[in-house]
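**Student:** Before I ask anything, here is the structure I am working with.
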Amino acid sequence: MADLSTVFLGFDAGADYALGAFGLAEDDGLETAVVLSLFTDRRAEADDVLPGGGDDRRGYWGDAWPNVPGDRIGSRLWLLHREKQTPAVLGRAQQYAREALAWLTEDGIASAVDVVASIPRSGILALEIGITRPANPPIRYRFERF
């Protein structure tokens, strides 16, 4: 089954639909699901420190009425927007990405999801996502903050 292909443009630019030769491009839905899971803002937890000292905890409005109780969409990666490049921040980036993608294994779409956060150069946070699927070859995605 095909889905409209959503591509990641950067942490500041967000995501958009991909164009193909004759209109909107399609994919198998996995990349789009990963992009939406990682780059939709999940509501911050009560003990999360908000960037800039604000009080907007963000979050997807649809989480108020989840199909599965307690289910939430998106990630808390947005909390790292103004953070310095430290090992602790890399650990939080990995934690937030794993949290956002946990549904892939819970729903049986993937048998394993591997996340590695790195700092390839000054000012850049990179996420390498490896997804092992039961009936398909493994797939890898790389996202960088520009």
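**Student:** Roughly how much of Asp107 is accessible, in Å² to the nearest 10, using a 1.4 Å probe?
**Tutor:** Taking all protein chains as shown, Asp107 has close to 100 Å².
**Student:** Just need the relative contact order of the chain here, percent rounded to a whole number, with Cα pairs under 8 Å and 6+ apart.
**Tutor:** On the way: 242 pairs, mean separation 25.2, N = 146.
Worked out over the chain, it gives 17 percent.
**Student:** Out of all DSSP beta bridges with both ends in the chain, state the antiparallel percent to the nearest 5. Walk me through the intermediate numbers first.
**Tutor:** Working: 21 of 22 bridges.
Given both bridge residues lie in the chain, the antiparallel proportion sits at roughly 95 percent.
**Student:** Another question, if that's okay. Using only alpha carbon pairs under 8 Å that are at least six residues apart, calculate the relative contact order of the range 1-77 and give it in whole percent. List each step's numbers first, then the result.
**Tutor:** Numbers: 112 pairs, mean separation 20.9, N = 77.
Once normalised by length, the contact order is 27 percent.
**Student:** All other residues with a Cβ under 10 Å from the Cβ of Asp114 taken together, and with Lys, Arg as +1 and Asp, Glu as -1, what is their net charge?
**Tutor:** On the way: positive: Arg98, Arg140; negative: Glu128.
With Lys, Arg at +1 and Asp, Glu at -1, the neighbours total +1.
**Student:** In a shell of Cβ-Cβ distance under 13 Å around Leu19, excluding Leu19 itself, what net charge do Lys and Arg (+1) and Asp and Glu (-1) give?
**Tutor:** Values: positive: none; negative: Asp16, Glu26, Asp27.
With Lys, Arg at +1 and Asp, Glu at -1, the net is -3.
**Student:** Long-range amide H contacts for Glu26: which residues qualify at under 5 Å (H placed 1.01 Å from N, peptide plane, sequence gap of 5 or more or a different chain)?
**Tutor:** Amide H to amide H, under 5 Å and 5 or more residues apart or across chains, Glu26 pairs with Ser5.
**Student:** Right, here's the next one. Work through the residues other than Ala64 whose Cβ is under 14 Å from its Cβ and net out their charges, Lys, Arg +1 and Asp, Glu -1. Walk me through the numbers on the way to the answer.
**Tutor:** Values: positive: Arg42, Arg43, Arg57, Arg58, Arg72; negative: Asp63, Asp71.
Here the charged neighbours net out to +3.
**Student:** Using only C-alpha atoms and all pairs of different ones, pull out the Kirkwood radius for the chain in Å with one decimal. Each step should come with its number before you reach the end.
**Tutor:** Numbers: mean 1/r = 0.0616 Å⁻¹.
Averaging 1/r across every pair of different Cα atoms and inverting gives 16.2 Å.
**Student:** For the chain, modelled as a Gaussian network with Cα springs under 10 Å, which listed residue fluctuates most, Val68, Val35, Val113?
**Tutor:** Looking only at Val68, Val35, Val113, the largest GNM fluctuation is found for Val68.
**Student:** While we're on this one: At 222 nm, what helix-only mean residue ellipticity would the chain give, in deg cm²/dmol to the nearest 500, using -39500 (n - 2.57) for each DSSP H run of four or more? Intermediate results must be reported in sequence, preceding the final value.
**Tutor:** On the way: 2 runs with 30 residues, N = 146.
Computed ellipticity for the chain at 222 nm equals -6500 deg cm²/dmol.
**Student:** Got a number for carbon plus sulfur as a percent of the range 92-146's accessible area, 1.4 Å probe? Walk me through the numbers on the way to the answer.
**Tutor:** On the way: 1520 of 2860 Å².
After summing per-atom areas, the C and S share lands at 53 percent.
**Student:** What accessible area per residue, rounded to a whole number of Å², is obtained for the range 8-77 using a probe radius of 1.4 Å?
**Tutor:** On the way: 4440 Å² over 70 residues.
Spelled out: the 1.4 Å probe surface of the range 8-77, per residue, equals 63 Å².
The values are calculated or read from the model by the stated rules, or taken from the named source; none is laboratory data. For clarity, every value in this text was computed on a predicted model and none was experimentally measured. No Cβ is skipped: glycine too gets one built from the backbone with ideal geometry, and neighbour counts run over all protein chains shown. To get the accessible areas, we keep the full protein, side chains included, count just its heavy atoms, and leave off ligands, DNA and RNA. Shrake-Rupley method; radii C 1.70, N 1.55, O 1.52, S 1.80 Å.
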